[in-house]
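Written below as structure tokens is the structure these notes are about.
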Amino acid sequence: MPPRPTYALALAGVVRRYSEGESALEILRGVDLAISQGQSVALVAPSGSGKSTLLHIAGLLEHSDEGEVFIAGRPTARLADAERTRIRRQHIGFIYQFHHLLGEFSALENVAMPQMIRGLSHKEANARAKDLLTYLGLAARLTHRPSELSGGEQQRVAIARALANAPRLLLADEPTGNLDPKTSDHVFGALTELVQATGVAALIATHNLELAGRMDRRVTLRDGKLVELA
Ligand code: ADP
Ligand code: MG
């Protein structure tokens, strides 16, 4: 069935290979996936199976070698880099395993800045950043820099930053993989709550089966293909 415009994200026949000396290593061997608006999907698969590669391709951070990536129904594989960047900024929020916050800026600035890049006024961007950070329990941490925050707090700032632009699609690469179990639970709870509250479509790579159980669907990667789990 061809992807329909209503899918926030659709992948069709995505292939990715890395060259290894003379030979090519095929990591993704024809990945198909469709995520409706508002649907959350957990990607549960062993290390080295291609989760990060898949998320980078879905987030238009990397090209596939074959296949197509549809964002909000629009094919992206053949677009110029500038247009791919525009779509990424407009429609996609990304949470990395390590937070990638800007060290010299406050929590508030880290969340507000991407919105200003997208054209929001300083005042509006700050107001939205403050709302989101407050929702995530960080009202007393707005002016702190990342180095003055705990790991769990840093990751909550990263969640706020990824959702600040009200993206259609949220991609998260082991967002709590770097945290102790208790903090991980707390951060994942905040993340799932926000996913539900905002109606964003989400694809979240995680090793935590209990947390994956809170998503609408679970998928895995097997021999380079995506397989739906019960
Ligand atoms: P996961 O996130 O599931 O751990 P990755 O997508 O990071 O998996 O990697 C999948 C496989 O692709 C691994 O074997 C990794 O070594 C390989 N790989 C990833 N990126 C590159 C690259 N830039 N060059 C060569 N091999 C890579
Ligand atoms: Mg990875």
### Task
Give the residue, chosen from Thr192, Thr206, Thr220, Thr176, that is hydroxyl-bearing (Ser, Thr, Tyr) and away from ligand 1 (no atom under 16 Å from the Cβ).
Thr192
### Query
From the set of residues in the range 22-31 that are within 11 Å of ligand 1 (Cβ to nearest atom) and not acidic (Asp, Glu), which is surrounded by the most Cβ atoms within 10 Å (Cβ to Cβ)?
Leu28
### Message
The conditions are (1) in contact (Cβ under 8 Å) with a residue 12 or more places away in the chain; (2) touching a helix residue (DSSP H, G or I) at 6+ places or on another chain (Cβ under 8 Å), and Leu79 fails exactly one of them. Which is it?
### Response
(1)
### Task
Please find, within the range 16-47, the residue that is farthest from ligand 2 (Cβ to nearest atom) out of those that are among the charged types (D, E, K, R) and either touching a residue at least 40 places away in the same chain (Cβ under 8 Å) or in contact with a helix residue (DSSP H, G or I) (Cβ under 9 Å, 6 or more places away or on another chain) (or both).
Asp32
### Message
Among the residues of the range 202-212, are any in a helix (DSSP H, G or I) and open to solvent by less than 10 Å² (accessible area, probe 1.4 Å)?
### Response
yes
### Message
Looking at the structure I just gave you, is Ala80 modelled with pLDDT of 95 or more, open to solvent by 40 Å² or more (accessible area, probe 1.4 Å) and over 26 Å from Ala230 (Cβ atoms)?
### Response
yes
## Note on the structure
Exactly one of Ala82, Ala127, Ala77, Ala112 is away from ligand 1 (no atom under 16 Å from the Cβ), among the aliphatic types (A, V, I, L, M) and not in a helix (DSSP H, G or I), and that one is Ala77
### Message
I'm trying to understand the selection: among the residues of the range 168-184, which are over 15 Å from the mean Cα position of the chain (by Cα), in contact (Cβ under 8 Å) with a residue 24 or more places away in the chain and not in a loop (DSSP other than H, G, I, E, B)?
### Response
Thr183, Ser184
### Task
Consider only pairs whose beta carbons are under 7 Å apart and that are at least six residues apart or on different chains; among these, list those whose first residue lies in the range 52-72 and is closer than 13 Å to Ile204 by Cα and touching a residue at least 24 places away in the same chain (Cβ under 8 Å) and whose second residue is among the small types (Gly, Ala, Ser) and within 16 Å of ligand 1 (Cβ to nearest atom).
Leu55/Ala205
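The values are calculated or read from the model by the stated rules, or taken from the named source; none is laboratory data. Not measured: the values here are computed from a predicted model. Please note: Cβ atoms are built from the backbone with ideal geometry, for glycine as well, and neighbour counts cover all protein chains shown. To get the accessible areas, we keep the full protein, side chains included, count just its heavy atoms, and leave off ligands, DNA and RNA. Shrake-Rupley method; radii C 1.70, N 1.55, O 1.52, S 1.80 Å.
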